[in-house]
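I have placed the structure first, in the form of structure tokens, so that the comments after it can refer back to it.
Every read-out reported here was derived from the displayed coordinates using simple, explicitly stated rules and does not represent laboratory data. Everything quoted here is computed from the prediction, not taken from an experiment. Reconstructed Cβ throughout: ideal geometry from the backbone, glycine too, with neighbour counts over all protein chains shown.
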Amino acid sequence: MGLSHQSMVNAHPEIQLTAVCDTSGYVLDVLSKYTGVKGYTDYRKLLAEEPLDCVFVATPSKYHAEIVHAALERGLHVFCEKPFGLEPETAYRLAELAERKRVVNQVGYHYRFLATFNEAKRLLDQKLIGELHHVRIEAYGPVVLRPKGATWRSQKSEGGGCLFDYACHAIDLANYIVGCPIAVSGTVLNSVFSNDVDDEIYSTFQFSGNCHGQLATNWSDESYRKMSVKLSFWGTNGRINVDRQEIQTYLRSLPPAAGELTTGWNVRYTTELTRPVWFYVRGEEYSAQIDHFVQCIKTGATSLSTFRTASDTILVAAMLREDAMQPRTAVALRGTRNPAAVATQPATRREKSFVRSLLDRL
């Protein structure tokens, strides 16, 4: 991501890349040779010596807090890659510091800048599908596909695993469109290949009002070529399915704000909704978020993805982690709370009769 941001910043017409900091001498040599940019191996020295307006932080997650704090203390605007941190307490303290300093602060949750998801938010805000009662949040992709060859992402102390590195994208998007859940339950954090972290997360969310949701994320799914995020919403007047390619809207009846939508299914594609960007790397949403950060600095506006909203995402992730550690009580057949006992207790005559009646219906 650091190299991607470097290319976009270098191409942006309203900002100039001054210096780069990296622990790899090879990376700095290549950048110096082909771009002429000044290189540092210590971010503290860079901040002390260079006259800057803003910084972009794209390091492993555990280093975000100290670098962001140092930049904020110097009154700099800060763009930080996600996740903003690994502990909500630290994240909220940095959010408060940024707000006191009155600097633009943004976290790289780029899905907030995809046109399809913003269209879904617009339709939901207008209550076109009525009162929302259920949400499904999904994110799948092929990050960890074998036990060997682990990177910093699969180390609990550095990346935080699928929960903090992958699921946070889906959580943040749900927070943005629906609002933060007020409770989580039944959370499963499961390791497929990793030894130190989770590779898949499943949970039930409770939102304000009478709305519930389900989260399903798995970064060990090789049936996907790259990360895929999908949200589905059920309301009293219809349904919305949305991913980065398209938004499908089903309406039972037409409310006044329906516009060109009709009853039944309506489909709009990202090509119809997306505004062009000045430079394309990885996806238009990456350039869009960089430009948004720059425009917020110029105008003094608040970013679409602030340190505070990113802290809310970390808080939900921490809630999931805590919930997964709670002891579970399974409710087994015949009313017993000991599933193992089901296999050892003889069936009663009434239970045998019930089973026979079920088999007779097949």
Given the rule -39500 (n - 2.57) for each run of at least 4 DSSP H residues, summed and divided by the residues of the chain, what is its mean residue ellipticity at 222 nm, to the nearest 500 deg cm²/dmol?
-> -11000 deg cm²/dmol
Starting from the eigenvalues of the Cα gyration tensor, five times each then square-rooted, give me the equivalent ellipsoid semi-axes of the chain, largest first, whole Å.
-> 42, 27, 18
Net lengthening on full extension, residue 97/residue 44 (0.36 nm per residue, minus Cα-Cα) | 17.2 nm
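Taking the highest mean first, how do the peptides 191-201, 79-89 order by number of other beta carbon atoms within 10 angstrom per residue?
Taking the mean over residues of other Cβ atoms within 10 Å, the ranking is 79-89, 191-201.
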GNM result for the chain, Cα springs below 10 Å: residue of 327, 142, 255 fluctuating most strongly = 327
Which of the peptides 298-307, 221-230, 69-78, 111-120 is most tightly packed, and how do the rest follow, judged by the mean count of other Cβ atoms within 10 Å per residue?
-> 111-120, 69-78, 298-307, 221-230
By how many nm would the segment from residue 278 to residue 3 grow when fully extended, if each residue of separation counts as 0.36 nm and the alpha-carbon distance is taken off?
-> 97.2 nm
Which one of 278, 130, 178 is farthest out on the positive end of the charge dipole of segment 111-282, using unit charges on Cβ (Lys, Arg +1; Asp, Glu -1) and the Cα centre as origin?
-> 278
Residue 295 versus residue 190: modelled label distance in nm, points set 7 Å from Cα along the beta carbon direction = 4.3
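If you wrap a convex hull around the alpha carbons of segment 111-282, what volume per residue comes out, as a whole number of Å³?
128
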Place +1 on the Cβ of every Lys and Arg and -1 on the Cβ of every Asp and Glu in the chain, take the dipole about the Cα centre, and give the residue among 188, 115, 92 whose Cα lies farthest towards its positive end.
-> 188
Post the alpha-carbon centroid distance, segment 212-283 to segment 58-135, in whole angstrom.
-> 21
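Place the peptides 313-319, 176-182, 203-209 in order of packing, highest mean first, counting for every residue the other Cβ atoms within 10 Å and averaging per peptide.
Peptide ranking by packing, descending: 313-319, 176-182, 203-209.
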Obtain the nm distance between the two label points defined at residue 146 and residue 226 by a simple spin-label model: each point lies 7 Å from its Cα along the Cα-to-C-beta direction.
-> 2.3
In debye to the nearest 20, how big a dipole does segment 111-282 give about its Cα centre with +1 on each Lys and Arg Cβ and -1 on each Asp and Glu Cβ?
-> 300
Of 314, 324, 253, which is farthest along the charge dipole of the chain in the positive direction, counting Lys and Arg as +1 and Asp and Glu as -1 at C-beta?
-> 253
